[in-house]
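These notes are about the structure you will find just below.
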Amino acid sequence: MPTVKQVIDIIDQIAPFSLAESWDNSGLQAGDPGWQVSKLLIALDITDKALAEAEKLGCDMLITHHPLMMSPEKQIDFSRMPGTAILTSARSRIALVCAHTNLDKAQDGLNDYLAQKLDIFCTHVFLADVMEDDSAGQVQGLGRIGQIGGSMTLEQLGLRIKEKLGIARVRIIGNPGNMVSTAVLCSGSGGSLTTHFLGSGMDVYITGDLKYHEARDIESHGKSAVDVGHFYSESIAIELLKIRLGQVFDALGYQIVIHTYDQEQDPFLTI
């Protein structure tokens, strides 16, 4: 039976932890690398509900996209997060592991999967990071640049994104009648890359968590954007990890049962 460390090593093959941003906390969050793994649960966030589901299913590992902790904790209080998760990990022997910005940036990672879901043909990495194989032109990094498939209005693109992601609403920035054919996309919070988008020459920016002044900058430059929300741009990480891990487990002959947690909802509710 494979160990927690062996599963982490497989994640490292899929999305090298060396790609993670310096501020990030990808990898083992809590648990023993030597624990054995026969069942695992994949979720977006480490929450009390996801942990309860992992316990109910008898899982040995909970793999998420978002880390349990983003900055050092001065004390671990078992009555609240992240302490409750650490306590559950120790008591129930459930290893907590995350693949965050390394999965965002990896080739065939979350940004490529988001582009695939939206029928956007990727041509370049937005902010190139690591050259894996120069002869093959394989570059990894933040975001992707691509063609949306012909020319359409910003409003039409927004409606297409809603349909492809199965969501009720998106926010658009710019004139709804603006014609767009080229896009930058960045899963998660892409607001910090707005200036890079404005200098890219691309027509539209598809991301989440754009702030007011970032939206004004896009508007004042005559550009367009679609804000799909942080949650909906990254919840697809669950199905991506299930596919990629399942492929490697099968190839290695690992008999690990993969469960997915589909009860998570966007914390921002519309009333």
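A few notes on this one:
- Average accessible surface area per residue within the chain, 1.4 Å rolling probe, Å²: 48 Å²
- Annotation: the antiparallel percentage among DSSP beta bridges lying fully within the chain is about 50.
- Note on exposure: M81, M61, M70, M202 ranked by accessible area (1.4 Å probe, complete protein assembly) read M70, M81, M202, M61, with the most exposed listed first.
- Ranking by accessible area, most exposed first, for K5, K39 with a 1.4 Å probe: K5, K39
- Rounded to whole Hz, the Karplus (6.51, -1.76, 1.60) HN-Hα couplings of the range 44-50, x for glycine and proline: 7, 10, 7, 10, 4, 5, 5
- Rounded to the nearest 10 Å², the accessible area of H124 at probe 1.4 Å: 120 Å²
- Taken along the Cα-to-beta-carbon direction at a fixed 7 Å, the label points for T260 and S220 span 4.2 nm.
- When S187, S200 are compared by accessible surface with a 1.4 Å probe, the order from highest to lowest is S200, S187.
- Under the criterion of Cα pairs below 8 Å and six or more residues apart, the relative contact order for the chain equals 19 percent.
- Restricting the range 151-220 to trypsin sites (Lys or Arg not before Pro) that sit in a DSSP loop and have at most 16 other Cβ atoms within 10 Å of their own Cβ leaves R169, K211.
- In this label model, K74 and D129 are separated by 3.1 nm, measuring between points 7 Å along each Cα→Cβ vector.
- 3J(HN,Hα) along the range 85-93: 5, 5, 4, 5, 4, 6, 5, 9, 6 Hz, from the Karplus curve 6.51 cos²θ - 1.76 cosθ + 1.60 with θ = phi - 60°, whole Hz, x for Gly and Pro.
- L269/Q116 FRET efficiency (R0 30 Å; Cβ-Cβ; nearest 0.05): 0.55
- The ellipsoid equivalent to the alpha-carbon distribution of the chain has semi-axes of 34, 21, 17 angstrom, derived from the gyration tensor eigenvalues as √(5λ) and listed largest first.
- Across all Cα atoms of the range 37-76, the radius of gyration (one decimal) and Dmax (whole number) stand at 11.4, 34 Å.
- Inverse of mean 1/r across different Cα pairs in the range 10-150, Kirkwood, Å: 16.5 Å
- Under the Karplus curve 6.51 cos²θ - 1.76 cosθ + 1.60, θ = phi - 60°, whole-Hz ³J(HN,Hα) for the range 145-162, x wherever Gly or Pro sits: 10, x, 9, 8, x, x, 10, 8, 7, 4, 4, 4, 5, x, 5, 5, 5, 4
- The tail of the calculated P(r) for the range 111-228, taken as Cα-Cα distances beyond 19 Å, holds 41 percent of the pairs.
- Rg over Rh, two decimals, the range 63-129 (C-alpha only, Kirkwood Rh): 1.16
- Share of carbon and sulfur in the accessible heavy-atom surface of the range 122-271 [1.4 Å probe, %]: 50 percent
The values are calculated or read from the model by the stated rules, or taken from the named source; none is laboratory data. These numbers come from a predicted model, not from an experiment. FYI the Cβ positions are ideal-geometry reconstructions off the backbone, even for glycines, and counts take in every protein chain you see. Note: accessible area is taken over every heavy atom of the protein model, side chains too, but ligands, DNA and RNA are not part of it. Shrake-Rupley method; radii C 1.70, N 1.55, O 1.52, S 1.80 Å.
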